[in-house]
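The values are calculated or read from the model by the stated rules, or taken from the named source; none is laboratory data. Model, not experiment: these values are computed from the prediction. Virtual Cβ from ideal backbone geometry, glycine too; neighbours counted across all protein chains shown. When the accessible area is computed, the model is the full protein with side chains, heavy atoms only, and any ligands, DNA or RNA have been set aside. Shrake-Rupley method; radii C 1.70, N 1.55, O 1.52, S 1.80 Å.
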Amino acid sequence: MAVRWAVGAGSSWACGLLGWARPERWLASGSLFPLSCIHTSTSLQKFGKWEKKNRIVYPPQLPGEPRRPAEIYHCRREIKYSKDKMWYLAKLIKGMSIDQALAQLEFSDKKGAKVIKEVLLEAQEMAVRNHNVEFKSNLHIAESVTGRGRYVKQIRYHGKGMFGIMKIVRCHYFVKLVEGPPPPPEPPRTGFDQAKEYVQHLRSRTLVNTL
């Protein structure tokens, strides 16, 4: 009798434990991982080196020192576009004000122009929301560069058992906005100026294993 009671108590305890630890208590609908092991806060989001520059904290400025302009770093990664085609658009808007750059991209029929315009609008919104920029038009593009993304090779099938290699290219786009009007453009360098720089470079070099 005591053995039957112990077996019955043990089975009821096991059933209660399994009922408490049923999967729907720990798993979300359509999820394969327990909710208790998933950290959903923003502190674990991955940031690249370019985005981390937004977290730079400068020391307090001295009295009478001119105000340090705000700097906004923004990017978009893995764009399905060639980095060489994106380079022309990136260099087109470098040094322009934000309004002038958006106007230039508005009338460009290239696919990359639409992507860069979206990135600039996102960076402009970030400047007002997170970097205490008063006027969103008081920004200029200090840096505008592209980078190579992930390249994937695939097979393109031809007739008669032949095939070729097809590349699916992607690129990154990085932009830096600085508060204030754009600086004046640099004067164009002549061939004589470039020749002087080249001669100066030759004279300042160090020759190893010589007297």
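From the list V152, V133, V128, exactly one residue is of a type in the set (A, V, I, L, M, F, W, C), over 15 Å from Y73 (Cα atoms) and more than 18 Å from the chain's Cα centre (by Cα). Which is it?
The unique qualifying residue is V152.
Write out, first by first residue and then by second, each pair whose Cβ atoms fall under 8 Å of each other, whose residues are 6+ apart or on separate chains, and whose first residue, in the range 141-155, is within 15 Å of I168 (Cα to Cα) and in a strand (DSSP E or B) while the second is of a type outside the set (S, T, N, Q) and open to solvent by 70 Å² or more (accessible area, probe 1.4 Å).
That search, which allows pairs on different chains as well, returns V152/K167; K153/I165; K153/K167; Q154/I165; Q154/K167; I155/F163; I155/I165.
Would you please list the contacts, defined by Cβ atoms under 8 Å and residues six or more apart or on different chains, that run from a residue in the range 109-138 that is open to solvent by 20 Å² or more (accessible area, probe 1.4 Å) to a residue that is aliphatic (A, V, I, L, M) and part of a loop (DSSP other than H, G, I, E, B)?
Between residues of the range 109-138 that are open to solvent by 20 Å² or more (accessible area, probe 1.4 Å) and residues that are aliphatic (A, V, I, L, M) and part of a loop (DSSP other than H, G, I, E, B), the close pairs are H131/A70; N132/A70.
If you check Y88 against the conditions, is it in contact with a Gly (Cβ under 9 Å, 6 or more places away or on another chain) and surrounded by fewer than 14 Cβ atoms within 10 Å (Cβ to Cβ)?
yes
Is there a residue in the range 100-109 that is within 30 Å of I168 (Cα to Cα), out of contact with any Cys (no Cβ under 8 Å at 6 or more places or on another chain) and among the aromatic types (F, W, Y)?
Yes, the range 100-109 contains at least one residue that is within 30 Å of I168 (Cα to Cα), out of contact with any Cys (no Cβ under 8 Å at 6 or more places or on another chain) and among the aromatic types (F, W, Y).
Using beta carbons and a limit of 6 Å, which pairs, at least six apart or on different chains, have the first residue in the range 63-84 and touching a residue at least 24 places away in the same chain (Cβ under 8 Å) and open to solvent by less than 80 Å² (accessible area, probe 1.4 Å) and the second one among the aliphatic types (A, V, I, L, M) and assigned to a loop (DSSP other than H, G, I, E, B)?
A70/V133; S82/V169
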